[in-house]
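Report on one structure; see the data block that follows.
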Amino acid sequence: MSLTASDAAPQTAPAGKARGYWANVGRRLIRDKIAVACGIILLLIVLAAVFAPWLHLADPYQGSMIRRLKPIGTANYPLGSDELGRDMLARLIYGGRLSLFIGVLPVIFAFMIGTSLGLVAGYVGGKVNTAIMRTIDVFYAFPSVLLAIAISGALGAGITNSIVSLTVVFVPQITRVAESVTTSVRNMDFVEAARASGAGAFTIMRVHMLGNVLGPIFVYATGLISVSMILAAGLSFLGLGTKPPEPEWGLMLNTLRTAIYVNPWVAALPGVMIFAVSICFNLLSDSMRSAMDIRN
Amino acid sequence: MLAYIARRIVYVVPIVLSVALVCFMLVHITPGDPLVAVLPADASQELAAQLRAAYGFDRPLPVQFGLWLWKALHGDLGTSIATGRPVLAEVMRAVSNTVTLAIAAAIIGFSFGLLFGLIAGYFRDTWIDKMATGIAIAGVSVPHYWLGMVLVIVFSVQLNWLPAVGAGPGGSGQWAWDWAHIRFLILPAITTSVIPMGIVTRTVRALTGDILSQDFVEALRAKGLRETGVFGHVIKNAAPTALAVMGLQLGYMLGGSILVETVFSWPGSGLLLNSAIFQRDLPLLQGTILVLALFFVLLNLSVDIAQALIDPRIKRA
């Protein structure tokens, strides 16, 4: 009887404490005006992109030779029209679908791969750690933009290749963070206790360590979304991402580049969207960092 | 100290070799035949085999890597398929233009970054701090290729003050430090400088805040040191980390210039990379990336050594 009680105690105690911790983090975030504002802006952009077909927008592919490059505020074209006479508002909203997809997905993939690699490297240590971390070092020998361009350029243009190349860029960064957090957690008493109770390495990593390392890695990954959005749109801007006539912010910026002499402010609009999403993710990541009280 | 430097240099050798391996493999992850750019579409089987043998593509991969590396060590990175000129000469000419751009951007970005960071860290949680942090976050979040476009719209299209593209009057290839050329440098340099400016501001702000909250600062003030003196101690303590961050940023500017150079048609390594990609000029792509990555590795090495020279604690780690 006494044995079962002591067995249950270490399991319920961290769980109860963890719930209180996350509730606190949530409360701090809701009080943070900047975090709330960024969250709302991002939510609006995402919802608009997801529900674009039901928003009664103009057809984002339907051009008009006589209504090219209309200025912002033209009747029926609230945000003007592009170089082929397509409605800018519709294209900006529809563009969010692909732009957010290719910007966020690499970070999600890298988060999963990098966390696993870092967790294994940090927990197992020794030769496994050396093997993983030295391989990671090789990728650090390339500036991240150069690495993304190199892989994307070698693989050729396309959405899949752009997602692959950005994932490769972010995996090493997340692995490093995951490894350093894991190493600092691994020698704590509760891990020692789990090991003493006979738990296997996989169980310890999954049950006891993952919950303790996920927070900092998650915050770091949120900050990366901002970089990823800029780079993903940048690859499209160079012509390495999606192909016309698909609406995508980076590609739109590229095709509108020649229009800066005719209607400069319409040409600059897709960049405003990239900027808005990127800065909101950055500010949100900062707010989460301070709400969770993570240093560095 | 010499032992530390020697150890750091030895550590760089495997990195350089792996970098070379990655660059070598780039050509082999490309879909399709690496000969596709040189081979006529209607070429016979024999001609294809001949060319494959001439380029060494018929040998096993490790042998190909060895041969390629041996040539690369002797400064032979092959010939560009598009121009027929040696890759190394093409790359070095372009890199010198990128270095010009990166240095100009570094001067702008680092001075403003250090200034904003020190002020923000010193006047923490005041409106000055909030403004500096706001600028820094905008700097790291802005898609810089878009900022370049906006700058062109304002200063070239609307005000007609500065040229929109190129690196000199009449498209001349030779760079010179006179006003006729510097006019072309201003907009790309400002565009390139915003990210390092933001990152240096954030780093220096955090450093300054941390240092000012340490006990020794209290002691300095208690012994009657004036605030300018305290400030001197802050700068001294922040220098090694700030230097490391700035070194890394300089490397990013050199290696990641492709977007800015594309916007401004700046004839540097980024624009070269761009044309190599779209002309499927694989030797040029490979060579440019190798040279830029090696620059980055060497820069990191010099930063590490410089850091250890300033702060003796580092070499013990």
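Miscellaneous remarks
- Whenever a residue of region A:52-64 is more than 18 Å from A:Leu98 (Cα to Cα), its partners that are surrounded by 14 or more Cβ atoms within 10 Å (Cβ to Cβ) and polar (S, T, N, Q), lying with C-beta atoms within less than 8 angstrom and at least six residues away or across chains, give the pairs A:Ser64/A:Ser81.
- Search result, residues across region B:280-302 that are of a type outside the set (A, V, I, L, M, F, W, C), in a helix (DSSP H, G or I) and facing chain A (nearest Cβ under 10 Å): B:Gln286, B:Thr288, B:Asn300
- Pairing residues of region B:291-303 that are on the phi > 0 side of the Ramachandran plot with residues that are small (Gly, Ala, Ser), at Cβ distances under 9 Å and at least 6 apart in sequence or on separate chains, gives no pairs at all.
- Matching entry among B:Gly232, B:Gly224 (being assigned to a helix (DSSP H, G or I), surrounded by fewer than 18 Cβ atoms within 10 Å (Cβ to Cβ) and free of Cβ contacts under 8 Å to residues at least 40 places away in the same chain): B:Gly232
- Qualifying residue in region A:275-286 (condition: modelled with pLDDT of 90 or more and farther than 30 Å from A:Asn212 by Cα): yes
- Residue match in region A:94-102 (condition: modelled with pLDDT of 85 or more and of a type in the set (S, T, N, Q)): yes
- Per-region count, region B:121-138, residues among the polar types (S, T, N, Q) and more than 9 Å from B:Gly198 (Cα to Cα): 1
Residues are listed down the side, and each one gets a yes or a no for (1) of a type outside the set (Val, Ile, Thr); (2) over 22 Å from the mean Cα position of the chain (by Cα):
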site: B:Ala49; (1), (2): yes, yes
site: B:Val63; (1), (2): no, yes
site: B:Gly75; (1), (2): yes, no
site: B:Ser80; (1), (2): yes, yes
site: B:Ala102; (1), (2): yes, no
site: B:Ile128; (1), (2): no, yes
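- Filtered residue count, region B:122-154, keeping only those that are at the interface with chain A (Cβ under 10 Å from one of its Cβ atoms), in contact (Cβ under 8 Å) with a residue 12 or more places away in the chain and not in a helix (DSSP H, G or I): 1
- For B:Gly117: the one exception among (1) part of a helix (DSSP H, G or I); (2) surrounded by fewer than 22 Cβ atoms within 10 Å (Cβ to Cβ): (2)
Yes/no per residue for (1) closer than 26 Å to B:Val297 by Cβ; (2) part of a helix (DSSP H, G or I):
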{"position": "B:Ile186", "(1), (2)": "no, yes"}
{"position": "B:Thr201", "(1), (2)": "no, yes"}
{"position": "B:Phe216", "(1), (2)": "no, yes"}
{"position": "B:Gly251", "(1), (2)": "yes, yes"}
{"position": "B:Pro267", "(1), (2)": "yes, no"}
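- Taken over region B:153-198, the criterion of being of a type in the set (Gly, Ala, Ser) and either in contact with a Pro (Cβ under 8 Å, 6 or more places away or on another chain) or more than 22 Å from B:Phe112 (Cα to Cα) (or both) is satisfied by B:Ser156, B:Ala164, B:Gly166, B:Ala167, B:Gly168, B:Gly170, B:Gly171, B:Ser172, B:Gly173, B:Ala176, B:Ala180.
- Residue that is farthest from the other protein chains (Cβ to nearest Cβ), among those in region A:272-296 that are among the charged types (D, E, K, R) and assigned to a helix (DSSP H, G or I): A:Arg289
Condition check ((1) modelled with pLDDT of 90 or more; (2) facing another protein chain (nearest Cβ under 9 Å)) across all residues:
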residue	(1), (2)
B:Ala239	no, no
B:Gly251	yes, yes
B:Val260	yes, no
B:Phe264	yes, no
B:Phe278	no, yes
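- For region B:243-284, the tally of residues that are under 26 Å from B:Thr30 (Cα atoms), of a type in the set (Phe, Trp, Tyr) and more than 16 Å from the chain's Cα centre (by Cα) stands at 1.
- For region A:124-176, the set of residues classified as β-branched (Val, Ile, Thr), surrounded by 17 or more Cβ atoms within 10 Å (Cβ to Cβ) and more than 13 Å from chain B (Cβ to nearest Cβ) consists of A:Ile132, A:Ile159, A:Ile163, A:Thr167, A:Val171, A:Ile174, A:Thr175, listed by residue number.
- Within region A:139-161, the set of residues being closer than 19 Å to B:Leu282 by Cβ and under 16 Å from the mean Cα position of the chain (by Cα) comprises just one member, A:Ala148.
- Selection count, region B:158-181, where residues are in a helix (DSSP H, G or I) and loosely packed, with under 14 Cβ neighbours inside 10 Å: 6
- Taking region A:236-271 as the range and being in contact with a helix residue (DSSP H, G or I) (Cβ under 8 Å, 6 or more places away or on another chain), more than 8 Å from chain B (Cβ to nearest Cβ), in a helix (DSSP H, G or I) and surrounded by fewer than 24 Cβ atoms within 10 Å (Cβ to Cβ) as the test, the residues that pass are A:Asn254, A:Ala259, A:Val266, A:Leu269.
- In summary, A:Ala157 fulfils each of the numbered conditions (1) assigned to a helix (DSSP H, G or I); (2) modelled with pLDDT under 90; (3) under 30 Å from B:Phe278 (Cβ atoms) with the single exception of condition (1).
The values are calculated or read from the model by the stated rules, or taken from the named source; none is laboratory data. As the structure is a prediction and not an experimental result, all values here were calculated from the model. Positions of Cβ are generated from backbone atoms using ideal geometry, with glycine treated the same way; all protein chains shown enter the neighbour counts.
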